[in-house]
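Novice: Here it is, the structure in full.
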Amino acid sequence: MAACGVALALIDLAVQRLPDVLTLPACGGALALLTAAALAGEPGSLGRAAAAAAVLTAVFLLMACAGAMGLGDVKLAPAIGALLGWNSWTVLFRGAAAGFIVGAVSEVARMAAGRARRSHVSFGPYMAIGALAVSVTS
């Protein structure tokens with residue numbers, strides 16, 4: 001997720017899009033790697049990871065329908081949800097919340113500096129940063 005997250009963050013910042021060519025394989029790759037981890041006996045829950053992917057995607061889809069988020073963010077949500085949910089529901093909640101917190105702090109700082117975009121916030125980088133920060137500390 002770290003390598004893919006960096007690429008997605010740079011693309012999202014540059015063109016305000018998260019391309020399907022990266023988001024969709026990230027989802028499949030996350031679930032494939034977590035399946036392999038489960039088969040290898042690693043601690044975590046594949047069922048919870050799948051459920052977490054579905055829950056986070058549903059929440060982000062509702063936000064996209066309300067106009068608060070783009071569909072690229074929705075397509076990235078299953079990968080992030082699965083990776084966070086593998087550990088626990090608490091990690092999922094903290095990782096998702098961390099993305100919103102990092103995004104809010106960053107955008108407030110950008111507004112204070114007069115550099116904020118008025119119509120759109122590239123949320124993909126914040127999703128990746130929040131998920132990675134919580135994953136590393138959990």
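The values are calculated or read from the model by the stated rules, or taken from the named source; none is laboratory data. Note that the coordinates shown come from a computational prediction; the quantities given were computed from them, not determined experimentally. Cβ atoms come from the backbone with ideal geometry, glycine included; neighbour counts cover every protein chain shown.
Novice: Working carefully through the options Gly124, Gly114, find the one that is out of contact with any Pro (no Cβ under 8 Å at 6 or more places or on another chain) and either at positive phi or at pLDDT 90 or above (or both).
Specialist: Gly114
Novice: What residue, among those in the range 1-19 that are crowded, with 18+ Cβ neighbours inside 10 Å and assigned to a helix (DSSP H, G or I), is modelled with the highest pLDDT?
Specialist: Taking the candidates together, the pick is Ile11.
Novice: Got a sec? Which helices (runs of 4 or more DSSP H) wholly within the range 20-138 have at least 2 residues that are among the hydroxyl-bearing types (Ser, Thr, Tyr) and touching a Leu at 6+ places or on another chain (Cβ under 8 Å)?
Specialist: Where helices (runs of 4 or more DSSP H) fall fully within the range 20-138 and carry at least 2 residues being among the hydroxyl-bearing types (Ser, Thr, Tyr) and touching a Leu at 6+ places or on another chain (Cβ under 8 Å), they are 20-39.
Novice: On to the next question. Identify, from the list Gly95, Gly103, Gly124, the residue that is surrounded by 15 or more Cβ atoms within 10 Å (Cβ to Cβ), in contact with an Asp or Glu (Cβ under 6 Å, 6 or more places away or on another chain) and touching a residue at least 12 places away in the same chain (Cβ under 8 Å).
Specialist: One residue alone meets the criteria, Gly124.
Novice: Being exposed (fewer than 13 other Cβ atoms within 10 Å of the Cβ) and not acidic (Asp, Glu) is the filter; apply it to the range 20-38 and report the residue that is nearest to Ala53 (Cα to Cα).
Specialist: Top of the filtered list is Gly28.
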